[in-house]
Amino acid sequence: MTADDADKVLANLYAAWPGSKPSAATVFAWYDHLADIPLEAGMEAAKRIVAGDRWFPPVARFREVALAARRDLESQNARKRGLPEPPLTDADRERNRAALRALRSQLTGGA
C-alpha cells in the first residue's frame, strides 16, 4: 500500500485508540512495513483489530492479521469467480501437520 493508503489504515486505528500518539519515526516504520499489504486487506485488518484487541497493535500483530485478511479476501474473490483457492502458506501447512499429528495421537492412544 502507498503512504496515503497507510494513513487511512492508521487513522482508523488511532481513532479507536485516541490516547496513542505516534512519533514521526513510528509512522515511517508503519509505512515501511505495510508496503506489501493491499489497502483492502489493511482496512479489513484494522476492523478486525479494533473489534477484537484491547490495545493498539504493534506492527507485527497488524501484519499477522492483515496477511490473514488478504488470504480470506483472495479466497472469497476466487470462489466468486469459480477459481481454485489460493495456495497454503508454510505456516498453514505446519498448523495442518500439527493438527493431524494430534489427531493421529488421539486415535492411536499416543502410540
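Each reported figure results from applying straightforward, stated rules to the coordinates on display, with no laboratory input. What you see is a predicted model, and the numbers here were worked out from it, not measured in a lab. Cβ placement follows ideal geometry from the backbone for every residue including glycine, while neighbour counts extend to all protein chains displayed.
Observations on the model:
- No other residue among Ile49, Ile37 is out of contact with any Pro (no Cβ under 9 Å at 6 or more places or on another chain) and touching a residue at least 24 places away in the same chain (Cβ under 8 Å) apart from Ile37.
Yes/no matrix, rows are residues, columns are (1) among the hydroxyl-bearing types (Ser, Thr, Tyr); (2) loosely packed, with under 15 Cβ neighbours inside 10 Å; (3) in contact with a Ser or Thr (Cβ under 6 Å, 6 or more places away or on another chain); (4) part of a helix (DSSP H, G or I):
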{"position": "Ala6", "(1), (2), (3), (4)": "no, no, no, yes"}
{"position": "Leu13", "(1), (2), (3), (4)": "no, no, no, yes"}
{"position": "Ser20", "(1), (2), (3), (4)": "yes, yes, no, no"}
{"position": "Trp30", "(1), (2), (3), (4)": "no, no, no, yes"}
{"position": "His33", "(1), (2), (3), (4)": "no, no, no, yes"}
{"position": "Trp55", "(1), (2), (3), (4)": "no, yes, no, no"}
{"position": "Glu74", "(1), (2), (3), (4)": "no, no, no, yes"}
{"position": "Ala78", "(1), (2), (3), (4)": "no, yes, no, yes"}
{"position": "Pro87", "(1), (2), (3), (4)": "no, yes, no, no"}
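- Check on Arg70, farther than 14 Å from Met1 by Cβ, assigned to a helix (DSSP H, G or I) and charged (D, E, K, R): no
- Against the criterion of being buried (at least 17 other Cβ atoms within 10 Å of the Cβ) and acidic (Asp, Glu), Glu40 does not qualify.
- Exactly one residue out of Ala25, Ala45 is loosely packed, with under 10 Cβ neighbours inside 10 Å and under 27 Å from Asp5 (Cα atoms), and it is Ala25.
- Sole exception among (1) within 13 Å of the chain's Cα centre (by Cα); (2) surrounded by fewer than 17 Cβ atoms within 10 Å (Cβ to Cβ) for Phe62, by number: (2)
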